[in-house]
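Written below as structure tokens is the structure these notes are about.
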Amino acid sequence: YGDNRQFLWRLARSYKDMYESAKDKLEKSSYAQKGREEAELALKNNSLNVESHKWFAVLTRLALEHESMHSKLKSGHILKVMQPN
């Protein structure tokens with residue numbers, strides 16, 4: 001299912017559910033990061049898919065809660081670059 005954009009955004013969404021059920025901070029961070037990576041792959045396969053954008057944004061926000069200030073600034077730059085013209 002690696003190139004199936006429908007599968008990828010749904011996989012990203014499932015990582016958010018796993019994030020919410022996790023108790024450990026490190027585990028939460030891992031789920032948010034993995035989910036963001038899957039959503040990013042879905043965006044690369046089809047940048048017009050609304051669900052891919054939604055879950056990329058949600059998981060990026062969750063991942064940023066566990067990152068340093070430098071990583072937060074870097075991620076902010078990534079979001080600006082990925083915006084459509």
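Numbers below:
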item	result
For the stretch 2-62: relative contact order, % (alpha-carbon pairs under 8 angstrom, 6 or more apart)	40
Ser21 paired with Asn4, simple spin-label distance in nm, labels 7 Å along Cα-to-beta-carbon	2.1
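Bear in mind that the values in this text are calculations on the coordinates, not laboratory data. Keep in mind the model is a prediction, meaning the values are calculated, not measured. When we count neighbours, we look across all protein chains shown, and the Cβ atoms used for this are built from the backbone with ideal geometry, even at glycine.
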